[in-house]
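Enquirer: First, the structure itself, so that you have it in front of you.
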Amino acid sequence: MKNWESDLEDLWLSVELNVNNYNKKIALCVVYMPPPVKLDSLQCFLNNVNNVLNIVDDVVILGDFNLGFIDWIRRDDDQHLSPLNYENSLGYSLVDFLSINGLHQSNSFYNADRKILDLVVSNISELTVTKPDDLLSKLDAHHPNMLVSVPVPNAKQLVTKYRSGYNFFRADYEQIKTHLKNINWYDTFRECVNANERLNAFYVVLQSVMDNFVPKYTKKRSKYPAWYSDSLIGALSEKEKFRQRYRKYKNPRDKLTFELLRSRCHTLINNCYNAYKCKIENDIPKNPKAFWRYIKDKRRGESCIPADMYMNDKVVSSGPDIANLFADQFVSVFSQNPTTTYNNTFNRFPGTDSVISTIKFTENQILNKLKLIDASKGAGPDSIPPLFILVVNGYESYPYYADSGVPQGSHLAPVLFILFINDITDQIHHCKYLLFADDLKIYRTITSHNDSALIQEDLDRIEQWCNLNHMKLNVQKCSHIRFTRKKQSNSVSYNIRGLLLETVDEVRDLGVIMDTKVNFRSHIDNIVTKSARLLGFLKRSTRGFRLVRTKIVLYNALVRSHLEFASVVWNPHYAVHSQRIESVQRAFTKHLAWTFGDISSRCPYEQRLQCYSMDTLRNRRLTQDLVFFYKLVNNKLDCGKLIEQIGLRVPHKLPRYPITHLFHSRVSNTNLGVNSPLNRLVSEINSLTKSAPDVDVYYDSMKVFKAQVLESRRSQLTT
């Protein structure tokens, strides 16, 4: 395929696989990049690969990239290799390109110099790279032999069982009203001795009414795509009828009719598909579910559950057995019938009985509350017992009960869990702590071995509380991290139930990755990689979309949201990190320009942003910082500990010039301290008040303050 080749040493082939009804067209490339690899050469090749991916879905690239400084490791939760030590322009270009296009590198075999020069890049998840049993060629110490395999999937998928339900839109409500009026409710409830029996009797009557007056239906997946219209389906059926007639009788008139119907079907297919995509594009900004429904329709809702599954030594091959296998696993995590009694629970709350006894409610109050319940979210009032039924591809498991914990999926579950775990902090005597839902962190400044011993004492008390409350801590999910700038620090280990806690170099805390040096490099790499993958998914899923607005809405929701989440905490102060984050939006604006042609994709980034009415991510992070500071000092955020650390600048004498630096930042001798979140916020608000003296952070409303921030930035760009 010479038209696919670039100016480098690359050779392209098109391979078609057709084995056991497994059809796949693969673009195969062999490339060599002579050292030293230049950024322009790498970018030229990657741009060429991007053009090929616009034509072919599956690609395999093999060759010597001569990028041995990149380490490729396999993480526990990922079947593919992840890059490390790629902090330069070449590494960023390659890694970001792989993420955006959904590609992965599969070669893990080092050469004699403990480097990986030969890369196997592909977007085929089944592809594997192994050591060959036989020598395929002469051994080369710098380029070890490898065997690249693309296995043909032969695993059977579990056939979906389509469940029946009630069609309430076609119910005979007049008959239902008549039937309910004629029921003698006194006789129905006469033998019931309590409210539970009356409720069960009512459900029996209600179920009988539904069976008699509400028609049932079985929803099956159509063999036609979702965008097929009735006229198109009829035309296809008519075309097939005349095709069969012509094959049987060889009548020229049947052939002519078949050709006319075929032409009409082609026209209808184009019109129906274009109308379908146009409707989806118009619905996405108003209804985000339309996009995911579109993705589901593209995938045709095929089952991804294998027909044979096993757990421990048990192998099952039917739908109900597979569902029961999952149920067995879920049941194993619940504690059975805790017997501990808490006689002193309410002793700390005097007068509880008198308060509860005065609670009154009326029938109208209950009815009004029931009307406010969203039936599509969580458990309704009828799901009183903690009864769960697991459904796998339409197959139900046996009913099982949650004998411990709090009800899952209901609106009260978070509140109940907070009440359940709230007194765990009473066990923490020596450490400070942070508690959010079930996420508990304890911490203490270590100056001696005695401080470490105090932390261990608090851990022991927490363990005792968990045992008393029948909560079993998963020690494998607990970890210990040490935040320090020292090159060497005391290595102290902690344990729970005698099991050592894993010491980690980074930990995810409420969506933000914290590392031992607190420089957030790992977090930035993570969000850029994740956002690049989502951008690639967005580009592949919206091929053929004609509205710029729709793509921008999807980008803001799926991609930009990850790049800006909690940016007040990790906002980078080094240009290399800021530019790396900005590279994702650069790629998106270039994609918009290349797709819609409103502006040349080679125009500067700032012009593309202006064309599509977008702002740089750096400016957006600055705006978020200032808005956060505004909310903080105006008590719109409940965070007194942060407000305590904000100092006001009070001059000894009243100056003749206006005071522009209203707030005082803490003095620090390191870049980390100078650019810490609070110091950065103070510096940014002081810069704003200096450039825009009319800004009053205490008097202006949020709307006015944000407008002044944007106006100040526009004036700085024009000067």
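Enquirer: Name the one entry in 620, 680 that is surrounded by 12 or more Cβ atoms within 10 Å (Cβ to Cβ), touching an Asp or Glu at 6+ places or on another chain (Cβ under 9 Å), at pLDDT 85 or above and farther than 30 Å from residue 543 by Cβ.
Expert: So the residue among 620, 680 that is surrounded by 12 or more Cβ atoms within 10 Å (Cβ to Cβ), touching an Asp or Glu at 6+ places or on another chain (Cβ under 9 Å), at pLDDT 85 or above and farther than 30 Å from residue 543 by Cβ is 680.
Enquirer: Quick one: is residue 197 assigned by TED's automatic domain parsing to the domain that holds residue 174, farther than 30 Å from residue 263 by Cα, assigned to a helix (DSSP H, G or I) and acidic (Asp, Glu)? Outline the logic, then answer.
Expert: Working: assigned by TED's automatic domain parsing to the domain that holds residue 174: yes; farther than 30 Å from residue 263 by Cα: yes; assigned to a helix (DSSP H, G or I): yes; acidic (Asp, Glu): yes.
So residue 197 passes the test.
Enquirer: Restricting to the range 148-179, count the residues that are over 23 Å from residue 217 (Cβ atoms) and outside any loop (DSSP other than H, G, I, E, B).
Expert: 4
Enquirer: Which of the residues spanning the range 14-33 are modelled with pLDDT of 90 or more and surrounded by fewer than 17 Cβ atoms within 10 Å (Cβ to Cβ)?
Expert: 30, 32
Enquirer: For residue 91, are the conditions met, namely being of a type outside the set (Lys, Arg) and either in contact with a Cys (Cβ under 6 Å, 6 or more places away or on another chain) or at negative phi (or both)?
Expert: Details: of a type outside the set (Lys, Arg): yes; either in contact with a Cys (Cβ under 6 Å, 6 or more places away or on another chain) or at negative phi (or both): yes.
It is true that residue 91 is of a type outside the set (Lys, Arg) and either in contact with a Cys (Cβ under 6 Å, 6 or more places away or on another chain) or at negative phi (or both).
Enquirer: Examine the range 182-201 for a residue that is surrounded by fewer than 15 Cβ atoms within 10 Å (Cβ to Cβ), touching a residue at least 24 places away in the same chain (Cβ under 8 Å) and over 28 Å from the mean Cα position of the chain (by Cα), and state whether such a residue exists.
Expert: no
Enquirer: How many of the residues making up the range 589-615 are surrounded by 16 or more Cβ atoms within 10 Å (Cβ to Cβ) and closer than 24 Å to residue 709 by Cβ?
Expert: 6
Enquirer: From the set of residues in the range 479-503 that are of a type in the set (A, V, I, L, M, F, W, C) and either crowded, with 16+ Cβ neighbours inside 10 Å or in the same structural domain as residue 566 (by TED's automatic domain parsing) (or both), which is nearest to residue 458 (Cα to Cα)?
Expert: Of all residues in the range 479-503, those of a type in the set (A, V, I, L, M, F, W, C) come to 481, 483, 492, 496, 499-501.
With either crowded, with 16+ Cβ neighbours inside 10 Å or in the same structural domain as residue 566 (by TED's automatic domain parsing) (or both) added as a condition, the list becomes 481, 496, 501.
Working: 481: 16, 496: 11, 501: 14 Å.
If we take residues in the range 479-503 being of a type in the set (A, V, I, L, M, F, W, C) and either crowded, with 16+ Cβ neighbours inside 10 Å or in the same structural domain as residue 566 (by TED's automatic domain parsing) (or both), then 496 is nearest to residue 458 (Cα to Cα).
Enquirer: Next question, about the same structure. Failed condition for residue 624, given (1) more than 24 Å from residue 708 (Cβ to Cβ); (2) within 23 Å of the chain's Cα centre (by Cα); (3) in the same structural domain as residue 684 (by TED's automatic domain parsing), with all others met?
Expert: (1)
Enquirer: Within the range 439-457, restricting attention to residues that are within 25 Å of residue 511 (Cβ to Cβ) and either in contact with a helix residue (DSSP H, G or I) (Cβ under 9 Å, 6 or more places away or on another chain) or small (Gly, Ala, Ser) (or both), which residue is modelled with the lowest pLDDT?
Expert: The selected residue is 440.
Enquirer: Can you name the residue in the range 66-85 that is modelled with pLDDT of 85 or more and out of contact with any strand residue (DSSP E or B) (no Cβ under 7 Å at 6 or more places or on another chain) and, of all such residues, is nearest to residue 34 (Cα to Cα)?
Expert: My answer is 66.
Enquirer: Among the listed residues 118, 134, which satisfies the condition of being among the charged types (D, E, K, R) and surrounded by 15 or more Cβ atoms within 10 Å (Cβ to Cβ)?
Expert: After applying the criteria, what remains is 118.
Enquirer: In the range 112-124, which residues are touching a residue at least 40 places away in the same chain (Cβ under 8 Å) and of a type outside the set (A, V, I, L, M)?
Expert: 113, 115, 118, 122, 123
Enquirer: Still on this structure, please answer the following. Which numbered condition trips up residue 223, out of (1) of a type in the set (Lys, Arg); (2) over 30 Å from residue 169 (Cβ atoms); (3) not assigned by TED's automatic domain parsing to the domain that holds residue 169?
Expert: Residue 223 satisfies every listed condition except (2).
For (1) surrounded by fewer than 11 Cβ atoms within 10 Å (Cβ to Cβ); (2) modelled with pLDDT under 90; (3) within 18 Å of residue 544 (Cα to Cα), each residue gets a yes or a no:
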position: 244; (1), (2), (3): no, no, no
position: 258; (1), (2), (3): no, no, no
position: 262; (1), (2), (3): no, no, no
position: 294; (1), (2), (3): no, yes, yes
position: 305; (1), (2), (3): no, yes, no
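Enquirer: Here is a follow-up. Looking at (1) outside any loop (DSSP other than H, G, I, E, B); (2) within 28 Å of the chain's Cα centre (by Cα); (3) modelled with pLDDT under 85, which is the only condition residue 420 fails?
Expert: So residue 420 meets the others, but not (2).
Enquirer: Would it be correct to say that residue 526 is under 30 Å from residue 417 (Cα atoms), free of Cβ contacts under 8 Å to residues at least 40 places away in the same chain and not hydroxyl-bearing (Ser, Thr, Tyr)? Can you show your working first?
Expert: On the way: under 30 Å from residue 417 (Cα atoms): no; free of Cβ contacts under 8 Å to residues at least 40 places away in the same chain: yes; not hydroxyl-bearing (Ser, Thr, Tyr): yes.
No.
Enquirer: Still on this structure, please answer the following. So, of the residues in the range 204-225 that are in a loop (DSSP other than H, G, I, E, B) and under 20 Å from residue 167 (Cβ atoms), which turns out to be nearest to the chain's Cα centre (by Cα)?
Expert: Restricting attention to the range 204-225, the residues satisfying the condition of being in a loop (DSSP other than H, G, I, E, B) are 214-215, 219-225.
In the following step, the residues that additionally are under 20 Å from residue 167 (Cβ atoms) were identified as 214-215, 219-222.
On the way: 214: 39, 215: 39, 219: 29, 220: 29, 221: 27, 222: 29 Å.
Within the range 204-225, the match that is nearest to the chain's Cα centre (by Cα) is 221.
Enquirer: Continuing with the same structure: Does residue 276 satisfy the condition of being surrounded by 12 or more Cβ atoms within 10 Å (Cβ to Cβ) and touching a Pro at 6+ places or on another chain (Cβ under 9 Å)?
Expert: The answer is yes for residue 276.
Enquirer: If I ask for residues that are touching a residue at least 24 places away in the same chain (Cβ under 8 Å) and in a helix (DSSP H, G or I), which ones from the range 596-608 would you list? It would help to see each step written out before you state the result.
Expert: Of all residues in the range 596-608, those touching a residue at least 24 places away in the same chain (Cβ under 8 Å) come to 596, 598.
Correct list: 596 only.
Enquirer: How many of the residues in the range 439-455 are loosely packed, with under 12 Cβ neighbours inside 10 Å and either in contact (Cβ under 8 Å) with a residue 24 or more places away in the chain or outside any helix (DSSP H, G or I) (or both)?
Expert: 5
Enquirer: Which residue is surrounded by the most Cβ atoms within 10 Å (Cβ to Cβ), if the candidates are limited to the range 646-661 and must be at pLDDT 80 or above and closer than 28 Å to residue 520 by Cβ?
Expert: 646
Enquirer: Modelled with pLDDT of 85 or more and either outside the structural domain of residue 67 (by TED's automatic domain parsing) or in a loop (DSSP other than H, G, I, E, B) (or both): is that true of residue 108 in this structure?
Expert: On the way: modelled with pLDDT of 85 or more: yes; either outside the structural domain of residue 67 (by TED's automatic domain parsing) or in a loop (DSSP other than H, G, I, E, B) (or both): yes.
In short, yes.
Enquirer: Considering 650, 709, 682, 697, which residue is assigned to a loop (DSSP other than H, G, I, E, B) and under 27 Å from residue 563 (Cβ atoms)?
Expert: None of the other options fit; the residue is 697.
Every residue, every condition in (1) assigned to a helix (DSSP H, G or I); (2) under 21 Å from the mean Cα position of the chain (by Cα); (3) modelled with pLDDT of 90 or more; (4) under 30 Å from residue 57 (Cβ atoms), yes or no:
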| site | (1), (2), (3), (4) |
| --- | --- |
| 531 | yes, yes, yes, yes |
| 543 | no, no, no, yes |
| 549 | yes, no, yes, yes |
| 569 | yes, yes, yes, no |
| 577 | yes, no, yes, no |
| 588 | yes, yes, yes, yes |
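Enquirer: Looking at (1) assigned to a strand (DSSP E or B); (2) touching a His at 6+ places or on another chain (Cβ under 8 Å); (3) of a type in the set (A, V, I, L, M); (4) surrounded by fewer than 13 Cβ atoms within 10 Å (Cβ to Cβ), which is the only condition residue 73 fails?
Expert: (2)
The values are calculated or read from the model by the stated rules, or taken from the named source; none is laboratory data. In this text, all values refer to a predicted model and were calculated from it rather than measured experimentally. Reconstructed Cβ throughout: ideal geometry from the backbone, glycine too, with neighbour counts over all protein chains shown.
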